[in-house]
1. For the stretch 41-85, which residues satisfy the criterion of being polar (S, T, N, Q) and closer than 18 Å to Cys130 by Cα?
2. For the stretch 99-114, enumerate the residues that are in contact with a Cys (Cβ under 8 Å, 6 or more places away or on another chain) and closer than 15 Å to Ile57 by Cα.
3. Checking Ile87 against (1) loosely packed, with under 14 Cβ neighbours inside 10 Å; (2) among the β-branched types (Val, Ile, Thr); (3) more than 12 Å from Val60 (Cα to Cα); (4) in contact (Cβ under 8 Å) with a residue 12 or more places away in the chain, only one condition comes out false. Which one?
4. So how many residues does the stretch 104-144 have that are in a loop (DSSP other than H, G, I, E, B) and either under 18 Å from Leu38 (Cα atoms) or of a type outside the set (Asp, Glu) (or both)?
5. What about Lys82, is it open to solvent by 10 Å² or more (accessible area, probe 1.4 Å) and not in a loop (DSSP other than H, G, I, E, B)?
6. Against the definition (touching a Gly at 6+ places or on another chain (Cβ under 9 Å), open to solvent by 50 Å² or more (accessible area, probe 1.4 Å) and modelled with pLDDT under 90), how does Asp65 come out, yes or no?
7. Which residue pairs have Cβ atoms closer than 7 Å, lie 6 or more positions apart in sequence or on different chains, and pair a first residue in the stretch 108-121 that is within 18 Å of Ile136 (Cα to Cα) with a second residue that is open to solvent by 10 Å² or more (accessible area, probe 1.4 Å) and among the polar types (S, T, N, Q)?
8. If you check every pair at least six apart or on different chains, which have Cβ atoms under 6 Å apart with a residue in the stretch 1-15 that is closer than 11 Å to Ile36 by Cα first and a residue that is in a helix (DSSP H, G or I) and open to solvent by 50 Å² or more (accessible area, probe 1.4 Å) second?
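The values are calculated or read from the model by the stated rules, or taken from the named source; none is laboratory data. What you see is a predicted model; the values in this text were computed from it and never measured. FYI the Cβ positions are ideal-geometry reconstructions off the backbone, even for glycines, and counts take in every protein chain you see. Note: accessible area is taken over every heavy atom of the protein model, side chains too, but ligands, DNA and RNA are not part of it. Shrake-Rupley method; radii C 1.70, N 1.55, O 1.52, S 1.80 Å.
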Amino acid sequence: MSDFNSTVVKLGGKIELNDVREIAQGVELGKKFHEIILKISWPKDVLYKWKDENSEIGMVIYSVDLGVPIERIDKTYYENGKYDKCIVIAGTDHGLIVIPPSEVKSDDPFVCLIDDQIDDEYKKWLKRKCKYSEFIKNLQIHSK
């Protein structure tokens, strides 16, 4: 995970000794992932973007906020309960980066985009199987 840690530092994050991220009560994550994600302190007011802006992902995600509270989506979050039990780990310019319910116990879970403007983007991300560590490694600073 040292490669991951160096990526976090390059992006301006800090690996803290104690938990610093806000996590909603009742949110359960894989033990190793829980220990990693809660100890990352992301700089305030810094947004990130996908390195390859011309890729399929780069054209969908313009800006990412890694400092959002970690919380579980419940049935009332989206009208039809479609994303019930997904765990929010980042916000984007028009959606959320989430961990699907099937991945919450993983040490390096797959992440998906719930796009408020493109309905099938979540399904595309499920097929893409982009791990959290891969997602972070493909970001760069967008704005401060």
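1. If the condition is that a residue be polar (S, T, N, Q) and closer than 18 Å to Cys130 by Cα, then Asn54, Ser55, Ser63 are the ones that fit.
2. Phe110, Val111, Cys112, Ile114
3. It is condition (1) that Ile87 fails.
4. Adding up the residues that qualify gives 11.
5. no
6. In short, no.
7. Going by the 7 Å Cβ cut-off, the qualifying pairs are Asp108/Ser133; Leu113/Thr92.
8. Within 6 Å, the pairs are Ile15/Asn5.
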